[in-house]
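Student: First the structure, then my questions, so here it is.
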Amino acid sequence: SSTPYLRVTPSMLKNQTGRKGKDAWMGLNGKVYNITPYAEYHPGGIPELLRGAGKDATKLFGEVHPWVNYDTMLSACLVGLLVDEPEGTE
Ligand code: HEM
């Protein structure tokens, strides 16, 4: 059987900015990654990477380096799937 993915809502993602002692998560093309273990290796530096923390950074990522294969690089850092906020909570 397949591994069930954690379903991450935008409001959950918003709390994962890398501040307040919490890991930094990033939404990219429907998936959410924990980018904290990768941060020190990011060629563009930590502050630049964290511009995309706590949100869906698909567009920003694509503007900076669409050729980078983040899905392979972050496969061990996959948190779950980015889903819509449940009805009535927006
Ligand atoms: C390089 C920004 C997310 C991997 C860079 C550079 C910038 C940047 C400005 C250029 C550094 C330089 O040449 O001096 C960002 C921003 C991100 C982001 C704003 C958030 C949306 C990521 C992620 C990964 C990644 C999630 C991979 C998991 C890389 C790699 C390079 C790079 C491999 C070198 C690319 C090359 O030279 O062809 N990034 N980055 N970045 N970043 Fe990011």
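Student: Size of region 40-83 along its principal axes in angstrom, Cα-based, largest extent first?
Tutor: Projected onto the principal axes, the Cα atoms of region 40-83 cover 26, 20, 20 Å.
Student: For the chain, just the Cα atoms, rotate onto the principal axes and tell me the three extents in Å, largest first.
Tutor: 39, 33, 26
Student: Of Gly18, Leu74, Gly62, which is farthest towards the positive pole of the chain's charge dipole, taken about the Cα centre with +1 and -1 on the beta-carbons of Lys, Arg and Asp, Glu respectively?
Tutor: Checking the options against the dipole of the chain, the answer is Gly18.
Student: Same structure, new question: What value does region 7-59 have for Rg/Rh, both radii from Cα atoms and Rh as Kirkwood defines it?
Tutor: 0.94
Student: Students often forget the sequence filter, so: which aspartates and glutamates lie under 16 Å Cα-Cα from Lys59 once same-chain residues fewer than 8 apart are removed?
Tutor: Glu48, Asp71
Student: With +1 on the Cβ of every Lys and Arg and -1 on the Cβ of every Asp and Glu, and nothing else charged, how large is the dipole of the chain about its Cα centre, in debye rounded to the nearest 20?
Tutor: Its charge dipole is roughly 240 debye.
Student: So, counting K/R as plus one and D/E as minus one, what does the shell of residues with Cβ under 11 Å around Lys31 add up to?
Tutor: -2
Laboratory data are not the source of any read-out in this text; all were calculated from the coordinates shown. Just so it is clear, the model here is predicted, and its values are computed rather than measured. Cβ: placed from backbone, ideal geometry, glycine included. Neighbour counts: every protein chain shown.
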